[in-house]
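Everything below concerns the one structure shown next.
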């Protein structure tokens, strides 16, 4: 893998924010800056990285709370899941109009990195995953040993199952899964042992 990835667990929910840069490049993408914008900006400065873009997997507050602060401080644009964009537009105290609305099936090149997008609703109505070079940034769709909650507005268990199945069928089993909470895993590990995915193993 030719990517450098830095993880920050932010805010009361310890939501994972990722800084992603190509080896040898000073440009980075920030994924899901949910809180503590000062920590995100400090980490970028410490690694001597410029923010080329902010990517947002879905619209829950713990993933979007610092989007405006980071984007404005960095002077960069925001790519966000189309189906959840209203949550960012209407965020009290930190509302922001994303410059780019993302659907599944797109290819986006940012900071010299090519991301493929996947529509993965079920945790929210408009969640999107971003995959690049053997890594999938999946938001709260899939975790190590667990899956995203479906009892929030826009959540639906059969839909979430189909979204996870889409990722399993579209990406290699060794794909590194970087989730919105908790440690890294792989698609293969989750398909083999995640107790919530028994029906996908049938």
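The values are calculated or read from the model by the stated rules, or taken from the named source; none is laboratory data. Given the structure is predicted, the values throughout are model-derived calculations rather than measurements. Every residue, glycine among them, receives a Cβ derived from its backbone with ideal geometry; neighbour counts consider all protein chains shown.
Values computed for the structure shown
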read-out	value
Test: residue in the range 123-135 that is in contact with a helix residue (DSSP H, G or I) (Cβ under 9 Å, 6 or more places away or on another chain), part of a loop (DSSP other than H, G, I, E, B) and over 18 Å from residue 61 (Cα atoms)	no
Residue match in the range 47-60 (condition: within 25 Å of residue 149 (Cα to Cα), touching a helix residue (DSSP H, G or I) at 6+ places or on another chain (Cβ under 8 Å), in a strand (DSSP E or B) and at pLDDT 95 or above)	yes
One residue from 178, 101 being surrounded by fewer than 19 Cβ atoms within 10 Å (Cβ to Cβ), within 21 Å of residue 64 (Cα to Cα) and either out of contact with any helix residue (DSSP H, G or I) (no Cβ under 8 Å at 6 or more places or on another chain) or modelled with pLDDT of 95 or more (or both)	101
Top-ranked residue of the range 110-124 - restricted to ones that are at negative phi and surrounded by fewer than 18 Cβ atoms within 10 Å (Cβ to Cβ), ranked as farthest from the chain's Cα centre (by Cα)	114
Filtered residues of the range 136-167 (kept if buried (at least 19 other Cβ atoms within 10 Å of the Cβ), under 19 Å from residue 199 (Cα atoms) and touching a helix residue (DSSP H, G or I) at 6+ places or on another chain (Cβ under 7 Å))	141, 142, 147, 148, 164, 167
Conditions (1) surrounded by fewer than 16 Cβ atoms within 10 Å (Cβ to Cβ); (2) touching a residue at least 24 places away in the same chain (Cβ under 8 Å); number of the one not met by residue 107	(2)
Residues (under 14 Å from residue 134 (Cα atoms) and touching a strand residue (DSSP E or B) at 6+ places or on another chain (Cβ under 7 Å)) located in the range 159-178	167, 170, 171, 173, 174, 175, 176, 177, 178
Looking only at the range 15-24, and only at residues there that are modelled with pLDDT of 95 or more and over 14 Å from the mean Cα position of the chain (by Cα), the one that is nearest to residue 80 (Cα to Cα)	21
